[in-house]
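**Student:** Submitted below is the structure of interest, expressed as structure tokens.
Read-outs throughout are calculated quantities, based only on the coordinates presented, and are distinct from any laboratory measurement. Keep in mind the model is a prediction, meaning the values are calculated, not measured.
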Amino acid sequence: MLDYAALGILIFVGIVLFYGVIVIHDIPYEIAVHRKHPQQDAILVAGWVSLFTLHVIWPFLWIWATLYREDRGWGFSTGESGQSPRLQALEQQVGELQQRLDALVSSAVPSVVEAPAAPAAATPPQEG
């Protein structure tokens, strides 16, 4: 009877370890889903690949999954509108360049090149 109990405990522990490894390797994917990560499918696949690499890449998946948040995007700093100050400055610069380009295009006078007028028909010299 004790042999059957030991066998049952061994099978139970094996099943718990098997599913435990699957649950642990799925944590980065769950983080990505919670944060609405744009690459959550890639994180899921990389998690399964990490099973074959003995979870060597698993810490990097955790970092990858936690780098993105829906409210602030990538990175850590936020400006008033949820963007970094550098991004806001770049958007302002692009807007100014677009205005300058529009002004140049609107002020350019379309140069219509007309074909030169045909010379008057030359009259043959009169003999005289």
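**Student:** In whole Å, what three semi-axes, largest first, describe the equivalent ellipsoid of segment 2-70 built from its Cα gyration tensor (square root of 5 times each eigenvalue)? Before the final figure, lay out the partial values.
**Tutor:** Details: eigenvalues 210, 28, 12 Å².
Here the semi-axes work out to 32, 12, 8 Å.
**Student:** Mind checking the full-extension length gain between residue 5 and residue 86? Use 0.36 nm per residue of separation minus the Cα-Cα distance, one decimal, nm.
**Tutor:** Between residue 5 and residue 86, full extension yields an extra 22.7 nm.
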